[in-house]
Structures are given as C-alpha cells and as structure tokens.
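Structure first, commentary second.
The values are calculated or read from the model by the stated rules, or taken from the named source; none is laboratory data. Quick caveat: nothing in here was measured; it's all calculated off a predicted structure. Because the Cβ atoms are built from the backbone with ideal geometry, glycine has one as well, and the counts that use them run over all protein chains shown. Calculation scope for accessible area: heavy atoms of the full protein, side chains included, ligands and nucleic acids excluded. Shrake-Rupley method; radii C 1.70, N 1.55, O 1.52, S 1.80 Å.
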Amino acid sequence: MDMSGFGVSVFHGFTSTSASMRPLADALQQAGFTVDLPLLPGHGTSWEDLASTPRSQIMRAALASYDRLAARCSRVATVGLSMGGSLALHVAAHRQVEAVSVINPGLRLAPLTGPKAWVLGRIRPSVASIAGDIAKPDVVEEAYAQTPLRAVVQLDRLFAQVRRELPELARRQTPVLLFRSGVDNVLPPSSAATLGRTLSAEQLEVVELTRSQHVATLDHEAETIHEQLIDFLHRRHQVAGPPERMAP
C-alpha cells in the first residue's frame, strides 16, 4: 500500500527520550510513513533543564512537529506514550490531524500529586526517577535518574489543559486508538479512562495490553503495538482515500 504523503508525529514521555519511541518510529518508517520523532524540550540533557522548562514550550514543540510534517505530507497522524499521548491529543485539538494513537496516555496524575509536588518542591528540587516501568527483563529506559518537582507541577497543568481540549476532539470525531496496559505503576487507571468518558465508542478504539507495563513501547507487546497501529493508520488511509498530490 502506498503510504506516501502520510506523516506521523511520534512523542515520548516525561523525563524520557525519543529512544523509548525509536522502535515504533522505525516500524512506521518501514511501513512507508514519513516520521517526525522530536526530542522534547527539557529532555535528553539534565533533569535541571526540565525543571526550568515550561509546559508551553513542550506543547509548542509538539505543534512544530506536526507543522514540519504538514509542509511535506497531505495528511498527518499523531502518536504518543504517556505525556507524549497528551501531546498527541493536544496537537489533534489544534491542527487537522487524520488520527491519533495514545499508549498509556497522561491525562491525570494520582490524586493530589500536583499540589504535593508544588509544596514539596519548595523544600527539595527532585525525587526519585519514575522511569523503567517495564515488565520485560533487562530492558532499560533512557531517562533521568531524578524527577524534578517543578516539572511535575507543569505536567499536572499540561494534563489539565489537554483534558479541557478533549471535547474538541469529540466534536471533530477524530479517530483515536488507545493502547492500555493492565499494570501501570506510573499513571492511575483514571488517566486512560478519561478518554472513554469524553469520546464516543465509535471514535475510540481500545487495545488491552496484558503483558506490558507503562513503557509499553519497550515491553513484551511492542510488536503488537506496531502491528495494530500500522493497521489502524492503513484503515484511515483507505477511508480517506489516496492523498492529494502535493504541489511542486
């Protein structure tokens, strides 16, 4: 199937790097999609950099990824893990996105996490890492060894903003594919469940992951994610018809 003209923005999670999404991005490229896999602001350097990075900068970077692809492709989808999932939804609320796929998306933290981080952050700058929630043995997530509390406050506000934007996705009837792990030690079940309360059953497709934890893109069912996502995008390609010819 000719997938020329179909781009996919791929977003990694909080405190992590694009390495957590590289196998998925490679699978999309091998399937013929044009992929943009940005390293988000405040990531891949030091946790102190993330502590001083406002959520608005991260959200602008996600929109910029879409814009880069839209300049080359006639249609664009967004994909993200955890915080990257919220960014994928954010972009879909502000741009003409063909489809969205989210993997254990970040839409809610555990109750009171944001306020507690704000209070504790006045005493200490960071807490232990949240990375590496993977069931598969001997797999290491590339991420910060510390979690900056100021950034957790920003993350909580980012999630709240995206929750407010979900009705726009419902209005547009943007198709959403949700991958949800049965065991997630990073985000509460209410995070992914938020989508089901806002989007219609016709709009939201759910794939349950029974052998993977939060960082499912590096876990036992990574290949399942690749296959199901590519099938989902192929179906969107068929529904929409062949892409328009790009202007020279």
In the stretch 51-78, how many residues are among the charged types (D, E, K, R), touching a helix residue (DSSP H, G or I) at 6+ places or on another chain (Cβ under 8 Å) and within 30 Å of residue 117 (Cβ to Cβ)?
1
Of everything in the stretch 52-79, what is of a type in the set (Gly, Ala, Ser), touching a residue at least 60 places away in the same chain (Cβ under 8 Å) and buried (at least 20 other Cβ atoms within 10 Å of the Cβ)? Give them in sequence order.
77
Could you check the stretch 7-79 for helices (runs of 4 or more DSSP H) lying wholly inside it with 1 or more residues that are farther than 21 Å from residue 125 by Cα, among the hydrophobic types (A, V, I, L, M, F, W, C) and in contact with an Asp or Glu (Cβ under 7 Å, 6 or more places away or on another chain)?
55-70
Looking at the stretch 177-192, I want the residues that are closer than 9 Å to residue 133 by Cβ and have a partner that is part of a loop (DSSP other than H, G, I, E, B) and open to solvent by 50 Å² or more (accessible area, probe 1.4 Å) with Cβ atoms under 6 Å, at least 6 apart or on another chain. Which pairs are those?
186/130
Please state which one of 146, 213, 161 is under 24 Å from residue 111 (Cβ atoms) and in contact with an Asp or Glu (Cβ under 7 Å, 6 or more places away or on another chain).
213
When residue 201 is run through (1) among the small types (Gly, Ala, Ser); (2) buried (at least 18 other Cβ atoms within 10 Å of the Cβ); (3) not in a helix (DSSP H, G or I), the failure sits at (2)
Yes or no: the stretch 93-106 includes at least one residue that is touching a residue at least 40 places away in the same chain (Cβ under 8 Å), closer than 13 Å to residue 152 by Cα and not aliphatic (A, V, I, L, M).
yes
Please go through the stretch 12-42 and give me each residue that is touching a residue at least 60 places away in the same chain (Cβ under 8 Å) and within 15 Å of residue 141 (Cα to Cα), ordered by number.
12, 13, 14, 15, 16, 17, 19, 20, 21, 23, 24
Report whether or not residue 163 is free of Cβ contacts under 8 Å to residues at least 40 places away in the same chain and surrounded by fewer than 23 Cβ atoms within 10 Å (Cβ to Cβ).
no
So, in the stretch 146-169, of the ones that are aliphatic (A, V, I, L, M) and touching a Phe, Trp or Tyr at 6+ places or on another chain (Cβ under 6 Å), which residue ends up nearest to residue 198 (Cα to Cα)?
155
Yes/no for residue 86 being in contact with a Phe, Trp or Tyr (Cβ under 8 Å, 6 or more places away or on another chain) and modelled with pLDDT under 95
no
I'd like to verify a number: residues in the stretch 1-60 that are of a type in the set (Val, Ile, Thr) and under 24 Å from residue 160 (Cβ atoms), how many?
4
